[in-house]
Amino acid sequence: MKQERAMIIVGAGEAGTAAAVALRQGGWPGRVILIGSEATLPYERPPLSKGLLTEGEDSGPKFLITAQRLRELAIDYLAGVNVLSIDRATNTVSLQGGELLAYERLLLATGARPRTLGVPVDPECRMVTLRTYADAVAIRQTLRPGCGVVVIGGGFIGLEVAASAVSRGASVTVLEAGPRLLMRAVPASIAERIKAKHLDAGVRIELDATVAGIEAVEEQSLVSLADGRSFPADLVLVGVGAVPNVELAQAAGLAIEKGIAASDTLATSDPDIFTAGDCCSFPHRLYGERVRLEVWRNAWQQGAIAAANMLGLGSAYESVPWFWSDQYDETLQIAGIYSNSDAAVNRDLGDKGQICFYLAPGGRLVAACGFGSLATISKDIRIAETMIGRRMRPDPDALANPAIAIKSLAS
């Protein structure tokens, strides 16, 4: 390798920061340049929809790394800088302002952005999305007892903000276009449990609610539905999914498929360029299909693997996907990926919660989804995650029986 060229990382989220640290710890002796578009140190995003909205005082973002640690690792962090283009012929990136940086290897960890509504929206409306710390601060400053909040989208972000807002005394309505909450993420029985928690907390939930438009009326925003109903709000939060940031890669001629297309080693169609995190799609060996994951642990793990492969390790990424969400005093955790062709096995834990296991044709455990108390759910989902990674075929009757410890099925 030519030592005068740097390892350059575009994107200073979980994946990018993990990669920068891993490159240095992996022994790369040259420059490591981490480029972030926000003018702050890299920070964690999961607290933005949870603690940052509910805590008594805004304690600021939870940083992934300190300025001192960046100096100790000799990582050059360029904050508030946008990368405009990639020249693959000369292995350079062009920065906002005209500076060119040469790379030995390049990592694209450009993340994702909130999906927008495809309906007319009056620009005077108080409508927000949630992706950055600045977004969270703007939402937090609006939440107060009695304020009206309409959340469009009954997915994870929407429901977490709904839980946080109602805990701050806001009057919250969730509008979901589908026939139930979390349509693509959890089984119907667990979605019903989550819905019940929100209803108990005072959240109003409207299903099959297709938004037709949002207009400013006096000092409020009025969300109109296709069926003619309307909902006034002091704040409208849109949480209808995310779109991977692929434009930089696409303009450079890299392959795009559900995201920036990578191999199982996270290399793109250019062997000098890798990708990781929310923007990355890759073939997952456990599931035999190309996937793109928007979860923080995947981003961190992929960043570390991508860094190792930028140094020549050639290791495949095949970690079991894992995700969690806080819903009031209970936790939702998901390990693995399931499809409609998989058989569901329900394990009813009574007041402690519920876990739904998914078995692929042939009986291999491919996913588990649990909702309930943290102590119960996290332990069993962690064991299920291990079983999924081992490609185990547990007895469905034993999985369904709460009297049989999940741990006993993992050996």
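The values are calculated or read from the model by the stated rules, or taken from the named source; none is laboratory data. Bear in mind that the values here come from a model prediction, so they are computed numbers and not experimental data. A quick note on method: Cβ atoms are made from the backbone with ideal geometry, for glycine too, and the neighbour counts reach across all protein chains shown. The area values use the complete protein model at the heavy-atom level, side chains included, leaving out ligands, DNA and RNA. Shrake-Rupley method; radii C 1.70, N 1.55, O 1.52, S 1.80 Å.
List of remarks:
- When the Cα gyration tensor is reduced to axis lengths a ≥ b ≥ c, the ratio a/c is 1.5 or higher for the chain, and with a/b not above b/c it is classed as oblate.
- Accessible area (Å², 1.4 Å probe, nearest 10) - Lys50: 30 Å²
- Summed side-chain charge close to Pro402 - residues other than Pro402 whose Cβ falls under 15 Å, Lys, Arg +1, Asp, Glu -1: -1
- Spin-label model distance (nm) - Ala89 vs Glu124, 7 Å beyond Cα toward Cβ: 5.2 nm
- Here region 315-392 is assigned +1 on the Cβ of each Lys and Arg and -1 on the Cβ of each Asp and Glu. Its dipole about the Cα centre then comes out at about 380 debye.
- Violating pairs (Cα-Cα greater than 22 angstrom) within the set Lys352/Lys407; Lys195/Lys258; Lys62/Lys258; Lys352/Lys379: Lys195/Lys258; Lys62/Lys258
- Antiparallel %, DSSP beta bridges [both residues in the chain], to 5: 60 percent
- Helix-only mean residue ellipticity at 222 nm for the chain, each DSSP H run of n ≥ 4 adding -39500 (n - 2.57), per residue, nearest 500: -7000 deg cm²/dmol
- Looking at region 113-272 alone, DSSP beta bridges between its own residues are antiparallel in about 45 percent of cases.
- Zone of Ser373's modelled label, taken as backbone nitrogen in region 328-358 under 16 Å from a point 7 Å along Cα→Cβ: 329-332, 348-355
- Sequence of Asp348, Asp329, Asp234 from largest to smallest accessible area, 1.4 Å probe: Asp329, Asp348, Asp234
- In region 1-63, taking the dipole from charged Cβ atoms about the Cα centre, the farthest positive-side position among Gly11, Leu41, Gly26 is held by Gly26.
- Protein accessible area in the chain, 1.4 Å probe - carbon and sulfur %: 50 percent
- In straight-distance terms, cross-link reach from Lys197 covers every one of the aspartates and glutamates whose alpha-carbon lies under 18 Å from its own, apart from those fewer than eight places away in the same chain; here that gives Glu160, Glu176, Glu206, Asp326, Asp329, Glu330, Asp348, Asp351.
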